[in-house]
Structures are given as structure tokens and as C-alpha cells.
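Notes to accompany the following structure.
Coordinate-derived values only; no laboratory data. Being a predicted model, the structure only gives us computed values, none of them experimental. Counting neighbours? That spans all protein chains shown, and the Cβs are built from the backbone with ideal geometry, glycine included.
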Amino acid sequence: MVITAELKTDGQVIGTLTANPKEFKTGSRGFYGQGKIEIGAWRTLGQLRAQNTVEPLLRLFDWIDEVDDDWIGEELPEVYGMIGPTAIPALGKFLADSSHGLWARIGALSSLRHIAEQHPFARAECVTAIVHQLEHCAENDPTLNGALIADLLELKAVDAAPVMERAFAANCVDESVAGDWEDVQIELGLKKERTTPARSLWERLADHRPPAKVAPPPEPWVMDVIEKMTWKGELKPPGERKAKKKK
């Protein structure tokens with residue numbers, strides 16, 4: 001007995017997988033025979049370099065933000081790495097589209113890195129797409145900029161150092177991702193050691209944390225009412241109330 005599953009997006013069949021019942025399982029939560037398809041099928045499409053799946057599979061990245069599915073962000077970039085350079089234009093376009101969530105875009109970014117690593121002849125094209133997005137650092141989320149720099153470091157993109165430096169100078173980078181500009185220079189071999197003390201992770205995280213909301217002071221008339229009630233004995237200060245309870 002075998003089971004044949006269809007991988008569909010918006011009703012369009014973009015691939016099939018035939019397997020015996022023991023091998024047919026779906027998702028990281030271990031569902032069997034539910035009419036869904038395992039991530040292994042995506043890998044099969046990657047191994048086949050199914051170019052017609054490039055665009056439909058991109059839509060799955062949005063699930064990372066919508067349903068908090070980190071699994072897709074880990075697995076799908078590997079699939080694109082296998083599909084290869086034909087996916088670069090679509091991934092670059094997805095990465096540049098701010099209508100997608102932060103982690104969806106980071107998934108597309110990771111896919112570009114996987115392609116560059118698995119297809120060295122396409123490395124320059126992938127680096128160009130990543131650098132192009134970093135050039136818009138002021139419009140990007142600081143965490144995305146940090147991820148862009150981290151992947152450029154993974155790809156040893158020394159030529160991209162000036163763009164990275166400008167992003168740091170503009171204070172647009174979450175330094176908790178790949179470190180600060182000195183860390184980056186050392187990683188790229190442009191500097192031997194730090195000349196300034198390294199900041200703690202918590203200090204770096206605080207740079208782009210939204211400011212805490214402070215309650216506005218009460219209106220003057222509110223304070224007048226409180227003062228009069230306290231003077232008349234109708235309202236006891238907190239310290240007096242606690243002392244009375246102890247007695």
C-alpha cells in the first residue's frame with residue numbers, strides 16, 4: 001500500500017509525493033494520514049529543483065509571523081538552497097517587501113545565504129541582493145539589519161564593509177544579532193582587536209527597545225481633592241493604614 005499526497009497552494013498542485021504509510025507523516029507534531037504533507041516533500045521538491053514551486057513556497061514564510069512557526073524558517077531556506085539560483089530574484093523581491101513580517105523576510109534572507117553556500121557561482125548575486133536591502137537600513141527593522149549583516153559575515157562579504165559601516169553609523173542595527181561595528185571589522189579580518197570596551201548584551205538590546213510608557217501626572221484638581229480628604233481624615237496615607245492593620 002502506498003499513499004500519494006499532493007502539495008497545493010491556493011488549489012494549485014505544485015508537487016506530489018508517494019510514500020508508504022510509515023513514511024507518510026506530516027509536521028513536527030507527528031500527524032499521520034491527515035491529508036497533509038511532511039516537510040520531506042518540500043525537500044523532495046528542492047532536490048528536483050522544481051522551479052515552478054519557487055513563488056508558491058514563498059507564501060509559507062508568512063506563517064512564521066502569523067502562527068509563530070519557526071520550523072518553516074529553519075527548513076524552507078534549505079529547500080531553496082537545493083532549488084538554487086533560479087529562486088534568487090523572487091527571494092530578493094520578497095526580502096525587499098515590507099508588507100511581509102520581520103521573520104518571514106529573515107527566512108527569505110536565510111534562503112539567499114543557503115543558495116550562496118550551496119552554489120558558489122551564485123554567491124555574488126546573493127550578496128548583491130542582501131547588500132541592496134542593507135542600503136535601505138533606515139527603512140528596515142533594526143533586527144533585520146542585524147540579520148543582513150550576520151549573513152554577510154557568514155558569506156565573508158568583505159566588499160560589503162562600507163555599507164555595513166554606514167548602517168552602524170546611522171544607528172540602524174540591532175547589535176545583539178551580530179555585534180557592533182568593531183565586532184564586524186574583527187570578523188571580516190579588517191581589525192585585530194577592539195579599541196573600545198564591549199557593551200553587554202542587555203545594553204545592546206536596550207538600544208532599540210521601545211521606551212517605557214510613563215503615566216502622566218494627575219491633574220492639579222485631583223491633588224487638591226486628595227489633600228482635602230487627607231486633612232479631614234477621610235483618606236489615610238498608605239503608611240498609617242498599614243500600621244492600623246497591624247494593631
Q: Please give the peptides 80-90, 94-104 ranked by average Cβ packing (other Cβ atoms within 10 Å per residue), highest first, as a rough proxy for protection.
A: 80-90, 94-104
Q: Would you please classify the overall shape of segment 135-214 from the alpha carbon gyration tensor, given that a ≥ b ≥ c denote the square roots of the eigenvalues, rounded means a/c under 1.5, and beyond that prolate means a/b larger than b/c while oblate covers the rest?
A: oblate
Q.
Largest first, please: the extent of the C-alpha atoms of segment 64-142 along each principal axis, to the nearest Å.
A. 32, 29, 17
Q.
Between Ala96 and Asp207, what's the calculated FRET efficiency when r is the beta-carbon distance and R0 is 25 Å? Round to 0.05.
A. 0.55
Q: Compute the FRET efficiency between Glu139 and Arg199 as 1/(1 + (r/R0)^6), taking r as their Cβ-Cβ distance and R0 = 22 Å, and round to the nearest 0.05.
A: 0.30
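Just want the ordering: Arg194, Arg113, Arg199, from fewest to most Cβ atoms lying within 10 Å of their own Cβ. Walk me through the numbers before you get to the answer.
Numbers: Arg194 12, Arg113 22, Arg199 15.
Final ranking by Cβ density, sparse to dense: Arg194, Arg199, Arg113.
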Q) Taking other Cβ within 10 Å of each residue's Cβ, how do Val158, Val54, Val67 sort, fewest first? A) Val67, Val158, Val54
